[in-house]
Structures are given as C-alpha cells and as structure tokens.
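Report on the following structure.
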Amino acid sequence: MATIAFIGLGNMGGPMAANLVKAGHKVVAFDLVEASRSQAKSDGAAIAESSVSAVKGADVVVTMLPAGKHVLSVWTDVLPAISKGALIIECSTIDVESAKQAHALAAKQGVASIDAPVSGGTGGAKAATLTFMCGGEDKAFAAAKPVLEKMGKKIVHCGGAGAGQAAKICNNMILGISMIAVSEAFSLAEKLGLSHQALFDVASTSSGQCWSLTSYCPVPGPVPASPANNDYKPGFAAALMLKDLTLAQDAANAAGAATPLGKHAQEIYKTFDAAGNGGVDFSGIIRHVRSLAGKS
Ligand code: NAD
C-alpha cells in the first residue's frame, strides 16, 4: 500500500481521503481549516503541519482545492519537496490553462502528473463512486488509476495534459444548459395545465430524456432523491455551476469556439447567484425560470 499525501480536505477532499484510508493506504493530510483536519484525523489520516511536510516521502500526492490559483500556489510550494519518481494528481475543477501550467511545473521537477477532475458530487465522494476524467501521459495515468479506483468507479483517460479539465467543463456546460432546458419545459407544462408526472413519464422515455430530467429532476415528485424534494439543498450548489460555466466560457473564448447556449446559461446562473442563491442547488434554477414569466 502507498503513502499518499492529501491536500484540501473540504466537502469533496475529506471523504475522498477517508476512502483512501479505508482502502488501506497511509494517508498524510493537510488543509488550512482546523475542522477539516480534525475530521480527517478521526477518519484515520495522519495530519501534517503544512502542505510541504505532508508530501515529504509520499509516493502519491493528491490535491483537491477550490480553483486554479490555489492549485498553482500549492503545487509551486510542494513540488520541490516531492520525491523524484512520485506522482501528483490534481482533482479540483480548474481552468485548462492552469492545469497545463501545473503539469509543466511538475515536469520541471521530474514528478509525474495527472489532471483528474471528478463528477459525482459529495454523494459520489462519500460512496467512492466518482467518475475521474484524466489528462496526462500514459505512464502517469497507469500509475494513478489504482489510486483513483479507491475513490471512484469510472476512470477515463481523456488525452494529454489538461484533457481531463477540458472534458469536465464540456460535460458541465451540457449539464447547465440541460437543467435550464428541463426547467423551461416544466414551467411551460405548468402554464399548459400538464402535471409534472405526466411530462416526466413522457419525456423520460422520449427524445427529451437526459440526466437533468431522469436523475436530478428539478420539480419534486418524479425522482424522489433529487434536491427538489429537499427544498433545493445542494447537491451541487449554483455557485459551483456558475464557476464551471465560467470556466467553459473562458476556454471557449481562448480557443475561439462558438458556445451561444453555454454563454446564455452562464448569464442565467450569474443572475441567480447574484440574487443570493449561490448556496441553493443548481436545479433551483427552475424558480428563476418561473420568475421570468411575463418578462420576456
Ligand atoms: P471546498 O471549498 O469544500 O474544499 C476546498 C478545501 O481546500 C477547503 O477545505 C480549503 O480550506 C482547502 N484549501 C484551500 N486552499 C488551501 C491551501 N493553500 N492549502 C490547503 N488547503 C487549502 O470545495 P469542494 O466542494 O471540496 O470542491 C473542491 C473542488 O472540487 C473544486 O474545484 C470544485 O469545483 C470541485 N468539485 C466539487 C463538487 C461538489 O459537489 N462539491 C463536485 C465536483 C467537483
């Protein structure tokens, strides 16, 4: 079993590190927040005094941080302290450009690296059923896979450096757009006197079928586990959806891709977030969609 340094023990990183402990790895963990460190300690991890001391002697280093600037800052600090031949895995959702820069920093220190953002939310992090989208060289992917398999159930090698982040933001752009589309359909159905269940029964087995409808339905009833049945408690917060849609727009602008619906979805989530709904589940966007009635 490996010695794994885990940096960033928040909503996702905390349970992911706990799953590595459960799998029998020696986990040395660090987070800036004391409460996260003590939770990791009670989950069986050893706690380091800093990121740099966590990585000393580790075979594998995992980072799960908020955004690109945190990742670049932590990687810059820790890379000189990581043993040659070790592997560093970046699981946060960050911009493609920062992901590529992080890979370049690792290569300069002779450390193998992989970007491996996740899908599956906090439920998937706890249940070890995340999907990992990986970018990096074949050898680094092969080394990362057995570690990622202890935290997830589907591990996909998407291509070279940054390809995992590219796949993640493309997927979440589909998700943001499709959640708005499904919300619009339910809002229209309500105005037309069609019941939620009737629309669900038809669309879930017809060409309107999609994950936002069948697994995460934005109205209560048809999918009992969806956040709509729990007053839109996240789940996946609207602020995080806005973050991912913004990353997609940044990437589209940099690459010269046309994504008009992605841009509109970003604007809609921006308005929702600015109205104080950043902590609401992203499927709560249906409330915003309904509130637009008569305004457009
Ligand atoms: P979070 O804010 O709960 O956790 C981030 C943690 O990083 C915090 O505990 C923070 O203290 C720590 N941190 C920040 N800077 C640090 C530093 N310099 N050194 C050590 N620790 C530091 O966020 P989260 O929900 O766990 O998400 C983490 C990443 O995963 C984000 O990029 C997010 O977009 C992505 N993600 C989240 C979800 C979700 O449902 N929450 C789903 C998929 C992907």
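Out of the residues in the range 113-146 that are among the hydrophobic types (A, V, I, L, M, F, W, C) and assigned to a helix (DSSP H, G or I), which is nearest to the ligand (Cβ to nearest atom)?
Result: Ala125.
Give the range 114-171 a look and list any residue that's of a type in the set (Val, Ile, Thr) and in contact (Cβ under 8 Å) with a residue 40 or more places away in the chain, or say none.
Scanning the range 114-171 gives Ile114, Val118, Thr122, Val147, Ile169.
Say whether the condition of being within 16 Å of the ligand (Cβ to nearest atom) and in contact with a Pro (Cβ under 8 Å, 6 or more places away or on another chain) is met by at least one residue in the range 183-193.
Narrowing the range 183-193 to residues within 16 Å of the ligand (Cβ to nearest atom): none.
No, there is no match, as no residue in the range 183-193 is within 16 Å of the ligand (Cβ to nearest atom) and in contact with a Pro (Cβ under 8 Å, 6 or more places away or on another chain).
If you go through the range 49-82 one residue at a time, how many are within 10 Å of the ligand (Cβ to nearest atom), in a loop (DSSP other than H, G, I, E, B) and modelled with pLDDT of 95 or more?
Selection size over the range 49-82: 3.
Cβ-Cβ distance below 8 Å, separation of 6 or more or different chains: which pairs start in the range 97-113 with a residue that is touching a residue at least 40 places away in the same chain (Cβ under 8 Å) and end on one that is in a helix (DSSP H, G or I) and polar (S, T, N, Q)?
Final answer for the pair search is Ala99/Gln165.
Output the number of residues of the range 15-42 satisfying the condition of being over 18 Å from Ala67 (Cβ atoms) and either among the polar types (S, T, N, Q) or assigned to a helix (DSSP H, G or I) (or both).
Counting residues in the range 15-42 that are over 18 Å from Ala67 (Cβ atoms) and either among the polar types (S, T, N, Q) or assigned to a helix (DSSP H, G or I) (or both) gives 15.
The values are calculated or read from the model by the stated rules, or taken from the named source; none is laboratory data. Owing to the predicted nature of the structure, the values given are computational and were not obtained by experimental measurement. Cβ sites come from the backbone with ideal geometry, for glycine too, and all protein chains shown count toward neighbours.
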